[in-house]
Amino acid sequence: MDLQTLTYIVVGATFALYIGIAIWAKAGSTNEFYVAGGGVHPVANGMATAADWMSAASFLSMAGLIAFMGYDGAVYLMGWTGGYVLLALCLAPYLRKFGKFTVPDFIGDRYYSQTARTVAVICAIFVCFTYVAGQMRGVGVVFSRFLEVDVTMGVIIGMVVVFFYAVLGGMKGITYTQVAQYVVLITAYLVPAVFISIMLTGNVLPQLGFGSDLLAEPGTSVLAKLDGLVTELGFNEYTDGSKSTVDVFFITAALMVGTAGLPHVIVRFFTVPKVSDARISAGWALVFIALLYTTAPAVASFARLNMIDTINGPAGQGTAYAERPQWIRNWEKTGLIGFSAADEAVSAKGPAGEQLAQDGVMFYSNDERNNMKIDRDIMVLANPEIAGLPNWVIALVAAGGIAAALSTSAGLLLVISTSISHDLLKRNLMPNITDRQELTYARIAAAVAICIAGYLGINPPGFVAQVVAFAFGLAASSFFPAIIMGIFSKRMNKEGAIAGMVVGITFTAGYILAYKGVFFEPLIANTPENWLFGISPEGIGTLGMLLNFIVAFTVSRVTAEAPTEVQDMVESIRFPKGSGAATHH
Amino acid sequence: MAFESTEKAKAYWSENLRLMLSLLAVWFVVSYGCGILLVDVLNTVNLGGFKLGFWFAQQGAIYVFVALIFVYVAKMNALDKKYNVHED
């Protein structure tokens with residue numbers, strides 16, 4: 001059977017499964033719509049959290065980024081897993097005991113202030129929209145490569161599927177669909193990784209495989225081979241990075257703290273029955289995430305090695321363009337791979353590369369011999385093709401990429417709709433609406449959010465990649481400190497919290513805007529010499545967080561303590577006994 | 001009041017904080033310590049085909065993170081029982 005038919009069958013089957021689950025799990029009340037009735041088993045919630053968390057970026061782009069960054073890729077690996085330790089130890093159990101629906105609920109009630117609630121709502125909506133646009137784009141890219149429909153059509157199909165289960169089922173539908181999506185995406189990630197690990201090293205576990213000796217060269221491990229190969233080609237040594245230590249430190253911290261402050265992750269811990277379930281659920285989530293995150297660096301090194309070997313040939317002298325393998329032909333069509341003699345958008349790096357290109361020889365390096373362009377986003381999708389794996393594996397990877405993008409979109413869309421129907425309407429503008437009306441508003445908000453997300457997916461603003469730094473930076477410098485102080489400092493008051501959030505956000509957003517521009521030309525060139533203390537815009541959220549803590553602490557010491565009833569509330573969330581299902585009031 | 005006395009409540013909270021801070025210390029050491037600050041020193045050691053610092057940064061730290069959460073859960077459940085503040 002040809003690849004395209006097979007891909008249609010596999011992707012179609014997974015869609016049928018998601019829609020089936022959506023019909024089975026239709027939500028009947030706001031409680032079911034917002035927190036799945038609060039009755040999700042911790043292991044199921046862990047799986048759903050993992051699918052929610054691992055986006056198109058984790059599935060499609062991360063291994064490719066690591067393949068090109070080498071050691072520096074650790075900022076993503078540690079940054080996007082370490083946050084779960086903070087969640088489990090410092091946030092999830094207490095927020096679960098607090099027992100409301102959303103993060104702005106906590107901020108608003110804990111700091112007895114509608115201003116604080118509104119700031120939190122705006123941050124939540126902004127963070128979620130920047131994220132969701134990228135997901136819809138991911139769906140479109142997978143569709144266009146494997147099913148040969150155009151990106152616009154791909155985005156629309158993705159919107160219809162998400163619409164179905166998010167609008168109908170709310171959190172309940174999303175949770176059980178995410179469990180199914182996790183199974184699809186992790187299978188799709190592990191199968192090719194295991195195959196390739198066995199082919200290269202004979203080791204079944206990719207986690208050990210990338211340190212094992214190559215079957216072709218006993219005595220040389222994959223990493224050692226890669227180190228030798230890339231330095232010869234003029235790149236940095238693979239196991240040694242090019243970022244400064246201080247920058248790696250700050251980026252890792254910003255990603256960790258940002259993860260722990262992201263509203264669509266936090267809200268998942270409101271869905272379990274008990275405080276103790278919230279703790280263990282974070283543990284399960286990390287187990288399921290770690291399965292992919294420990295495989296990714298292995299996939300990265302295998303992909304880099306295989307790619308260099310295929311293009312430069314076993315002798316390392318380059319290979320003939322006329323005899324290029326099928327995967328290069330496929331990706332050339334998308335413009336993500338290019339050879340300077342065949343693609344005018346690609347130019348050779350130096351005279352040696354031009355000479356090789358004139359002879360029709362492809363060569364990939366970081367010096368003057370290079371005449372190839374290879375986009376790092378293709379690594380995961382192209383990896384099975386490069387290794388020559390069977391078609392059903394490639395079809396599975398396509399279905400996995402779509403599962404990763406859809407599951408994250410649904411979680412984000414739910415936070416957006418909840419922020420509008422619950423935090424903005426019910427708790428702020430229209431406190432008298434009934435549960436039924438609120439549910440209708442939630443569904444309308446979800447539908448509108450999907451349309452906006454779809455529009456952003458089809459017409460991506462040029463700055464999608466840059467605003468991701470924004471999303472993490474803002475979560476790190478606003479939500480995280482406000483929540484932590486809300487739990488661990490009884491006397492922290494609204495003046496302190498609001499001042500802290502405002503200073504944290506302003507500093508972080510200002511720094512990112514100054515160096516990245518986003519909406520306008522950058523004010524300062526984005527180079528390491530210009531950075532404050534050598535911290536890049538990606539890592540500045542950490543400094544923003546520290547400023548938030550310092551300002552909040554100082555302001556709270558010179559203003560009145562939080563009122564007694566608020567301090568009693570803080571006291572009561574510090575132990576598990578007496579937790580009920582998440583409720584309105 | 002779920003606790004028998006204010007002293008018990010204080011004792012529970014300080015035991016909780018001590019547990020949390022010691023686990024976070026391990027969290028910091030394996031990731032920021034072994035994976036970032038000491039990476040060059042540890043890279044001189046080779047373990048199973050991996051440079052040790054590189055291994056901590058791309059594998060080891062993640063395994064320790066998982067273990068930390070499960071240790072925390074077990075210890076906290078025991079602590080809740082000891083002070084009789086666990087859920088029914």
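Structure summary
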| read-out | value |
| --- | --- |
| Residue match in segment A:11-26 (condition: within 24 Å of A:Trp392 (Cβ to Cβ) and among the polar types (S, T, N, Q)) | yes |
| Total residues in segment A:372-407, condition closer than 16 Å to A:Phe235 by Cβ and surrounded by 24 or more Cβ atoms within 10 Å (Cβ to Cβ) | 2 |
| Residue identified as away from chain B (no Cβ under 14 Å) and either among the small types (Gly, Ala, Ser) or closer than 30 Å to A:Ala278 by Cα (or both) among A:Gly99, A:Gly79, A:Gly83, A:Gly154 | A:Gly154 |
| Residue ID - farthest from the chain's Cα centre (by Cα), chosen from residues in segment A:201-215 that are part of a loop (DSSP other than H, G, I, E, B) and not aliphatic (A, V, I, L, M) | A:Gly202 |
| Unique residue being part of a helix (DSSP H, G or I) and either in contact with a Pro (Cβ under 9 Å, 6 or more places away or on another chain) or of a type in the set (Asp, Glu) (or both) when the list is A:Val75, A:Val119, A:Val43 | A:Val119 |
| Breaking point among (1) touching a residue at least 40 places away in the same chain (Cβ under 8 Å); (2) at positive phi, for A:Met362 | (2) |
| Residue in segment A:166-182 that is in a helix (DSSP H, G or I) and either free of Cβ contacts under 8 Å to residues at least 40 places away in the same chain or not assigned by TED's automatic domain parsing to the domain that holds A:Gly73 (or both) present | no |
| Any chance A:Val299 is in contact with a helix residue (DSSP H, G or I) (Cβ under 8 Å, 6 or more places away or on another chain), modelled with pLDDT under 85, within 14 Å of chain B (Cβ to nearest Cβ) and buried (at least 21 other Cβ atoms within 10 Å of the Cβ) | no |
| Single match in A:Ser197, A:Ser221, A:Ser212 (criterion: among the small types (Gly, Ala, Ser), more than 9 Å from every other protein chain (Cβ to nearest Cβ) and surrounded by 19 or more Cβ atoms within 10 Å (Cβ to Cβ)) | A:Ser197 |
| One residue from A:Ser276, A:Ser242 being of a type in the set (Ser, Thr, Tyr), part of a helix (DSSP H, G or I), within 14 Å of chain B (Cβ to nearest Cβ) and out of contact with any Cys (no Cβ under 9 Å at 6 or more places or on another chain) | A:Ser276 |
| Number of the condition not met by A:Tyr94 [criteria: (1) over 22 Å from the mean Cα position of the chain (by Cα); (2) part of a helix (DSSP H, G or I); (3) modelled with pLDDT under 90] | (3) |
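Residue-by-condition table, conditions (1) part of a strand (DSSP E or B); (2) more than 9 Å from chain A (Cβ to nearest Cβ); (3) in contact with a Ser or Thr (Cβ under 7 Å, 6 or more places away or on another chain):
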site: B:Thr44; (1), (2), (3): no, yes, no
site: B:Phe54; (1), (2), (3): no, no, yes
site: B:Ile62; (1), (2), (3): no, no, yes
site: B:Leu68; (1), (2), (3): no, no, no
site: B:Leu79; (1), (2), (3): no, yes, no
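The values are calculated or read from the model by the stated rules, or taken from the named source; none is laboratory data. Because the structure is a prediction, the values reported are computed rather than measured. Here the Cβ is made from the backbone with ideal geometry for all residues, glycine too, and neighbour counts use every protein chain on show.
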